[in-house]
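The values are calculated or read from the model by the stated rules, or taken from the named source; none is laboratory data. Keep in mind that this is a model prediction, so the values were computed, not measured. Cβ coordinates were reconstructed from backbone atoms using ideal geometry, including for glycine residues, and neighbour counts include every protein chain displayed. We work out accessible area using only protein heavy atoms, side chains counted, and drop any ligands, DNA or RNA first. Shrake-Rupley method; radii C 1.70, N 1.55, O 1.52, S 1.80 Å.
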Amino acid sequence: MGIKDWAVEDRPREKLLQRGSGALTDAELLAIFLRTGTPGKSAVDLARELLCDFGSLKALLDADRQRFCQANGLGDAKYAQMQAVMEMARRHFKEVLQRGNALTNPETTRAYLSAQLRGYSYEVFACLFLDNQHRVIQLEELFKGTIDGAAVYPREVAKKALHHNAAAVIFAHNHPSGIAEPSQADRQITDKLKQALALFDIRVLDHFIIGDGMPYSFAEHGLI
């Protein structure tokens with residue numbers, strides 16, 4: 001039975017319009033993106049098959065071009081479309097933050113940093129530079145490393161902060177393992193960065209660790 005033959009309230013697109021995107025399952029959201037299925041399979045059936053194949057929606061979104069395009073029902077056109085959608089989301093979060101105070105938009109801040117850093121297979125250390133009203137000046141990926149870690153240099157971070165005339169910063173780095181828990185090294189480098197920037201009256205507001213789930217906040221756990 002095709003989706004057009006389903007009850008109206010069960011069709012993904014109509015369900016989204018009536019109840020909002022949050023009411024849809026991963027498969028239903030993906031089905032709307034796919035638009036059509038394959039012979040003998042509805043878009044929802046294909047979406048479920050793809051989620052099973054990749055293991056999760058995140059794994060599908062993070063897949064490289066070769067892996068993505070090899071999957072049934074996908075290809076270069078869908079890959080380009082998916083990348084465009086994800087980039088629009090990143091730019092949306094960035095614009096929202098630039099218009100307001102990063103500390104009064106904690107969910108948007110988390111979403112923006114997650115969208116920027118979650119897809120890497122290696123560790124990346126980034127810094128969100130803020131003005132004296134905590135509005136975003138710039139996000140920069142400062143250091144890149146292997147899956148085991150990235151070397152972070154306080155002197156270079158301080159130079160970048162002074163270059164941007166930042167009054168405050170928020171750090172973020174990803175854990176490719178997916179486990180968003182701080183290591184002892186994470187705690188130590190955060191303390192070193194905080195001490196180095198304090199010499200220039202630049203506040204460290206938070207340090208987020210990006211994993212598979214909710215980003216870990218140093219500030220919320222009393223570590224800043």
Go through (1) in a helix (DSSP H, G or I); (2) more than 21 Å from A63 (Cα to Cα); (3) in contact (Cβ under 8 Å) with a residue 12 or more places away in the chain for P182 and report which single condition fails.
(1)
Do you know which of the residues in the stretch 41-71 that are among the polar types (S, T, N, Q) and loosely packed, with under 12 Cβ neighbours inside 10 Å is nearest to L29 (Cα to Cα)?
Q70
How many residues does the stretch 198-212 contain that are open to solvent by 40 Å² or more (accessible area, probe 1.4 Å) and under 17 Å from the mean Cα position of the chain (by Cα)?
1
Scan the stretch 161-186 for residues that are on the phi < 0 side of the Ramachandran plot, open to solvent by 90 Å² or more (accessible area, probe 1.4 Å) and not hydrophobic (A, V, I, L, M, F, W, C) and report the count.
3
Read through the list (1) more than 17 Å from A31 (Cα to Cα); (2) part of a helix (DSSP H, G or I); (3) open to solvent by 50 Å² or more (accessible area, probe 1.4 Å), then give the number of the only condition that T109 fails.
(3)
Please determine, by comparing only the residues of the stretch 137-153 that are out of contact with any strand residue (DSSP E or B) (no Cβ under 6 Å at 6 or more places or on another chain) and open to solvent by less than 40 Å² (accessible area, probe 1.4 Å), which one is modelled with the highest pLDDT.
G145
